[in-house]
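K.L.:
My questions all concern the structure below.
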Amino acid sequence: MAQAISSIWQGITYRGRDGHYAWMIHRVGGLGILLFLFLHILDIFLIGLGEETFNDFLILYTHPLFKIMEMALLFGVFFHAFNGVRIILVDFWPARFSNWKAQRTMFRLVVLLTVVFFIPAAIATVAPFFNISLPWWPA
């Protein structure tokens, strides 16, 4: 019994390394996207309850806490998309991309692409909150 519990514990505990980081961030990003989808479905449903109810709910989107969650959603969407491409490459061409060096390189590329796409999107998300006009983003 103790050996079974130890085996289960080893299976669910944190292992580190790039593959485990990619798996964790991919899952959390996917859950965040799913939760936002449910929130979006809810606000669309509220249109049927009247314009005033719908507009009262939309005030939620202007709250500073929601802007932070929106930036987390952006990060999750970018990482989930780029990591999904990495997973596709590994699944379709395992002989070429399954070794640990290729995995590490691709994970770092996924993180780099995520950060490169996330930073301008995050700035554009919070700029109106601070009344900052961006020349490269429509007002």
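The values are calculated or read from the model by the stated rules, or taken from the named source; none is laboratory data. As the structure is a prediction and not an experimental result, all values here were calculated from the model. Glycine gets a Cβ as well: all are built from the backbone with ideal geometry, and neighbour counts include every protein chain shown.
K.L.:
What is the residue count in the stretch 93-125 for residues that are within 30 Å of Tyr61 (Cβ to Cβ) and touching a helix residue (DSSP H, G or I) at 6+ places or on another chain (Cβ under 6 Å)?
P.N.:
The total comes to 8.
K.L.:
Another question, then. Please count how many residues of the stretch 93-139 are in a helix (DSSP H, G or I) and polar (S, T, N, Q).
P.N.:
Count: 4.
K.L.:
Okay, moving on. Say whether the condition of being within 18 Å of the chain's Cα centre (by Cα), farther than 24 Å from Pro128 by Cα and touching a residue at least 24 places away in the same chain (Cβ under 8 Å) is met by at least one residue in the stretch 33-53.
P.N.:
no
K.L.:
Being closer than 28 Å to Ala127 by Cα and either more than 15 Å from the chain's Cα centre (by Cα) or touching a residue at least 40 places away in the same chain (Cβ under 8 Å) (or both) is true for just one of Asp18, Asp56. Which residue is that? Full working, then the answer.
P.N.:
Values: Asp18 fails: closer than 28 Å to Ala127 by Cα.
Matching residue, one of Asp18, Asp56: Asp56.
K.L.:
Kindly indicate the residue of the stretch 97-111 that is at pLDDT 95 or above and within 12 Å of Val85 (Cβ to Cβ) and also surrounded by the fewest Cβ atoms within 10 Å (Cβ to Cβ) among those meeting that condition.
P.N.:
Within the stretch 97-111, the match that is surrounded by the fewest Cβ atoms within 10 Å (Cβ to Cβ) is Leu109.
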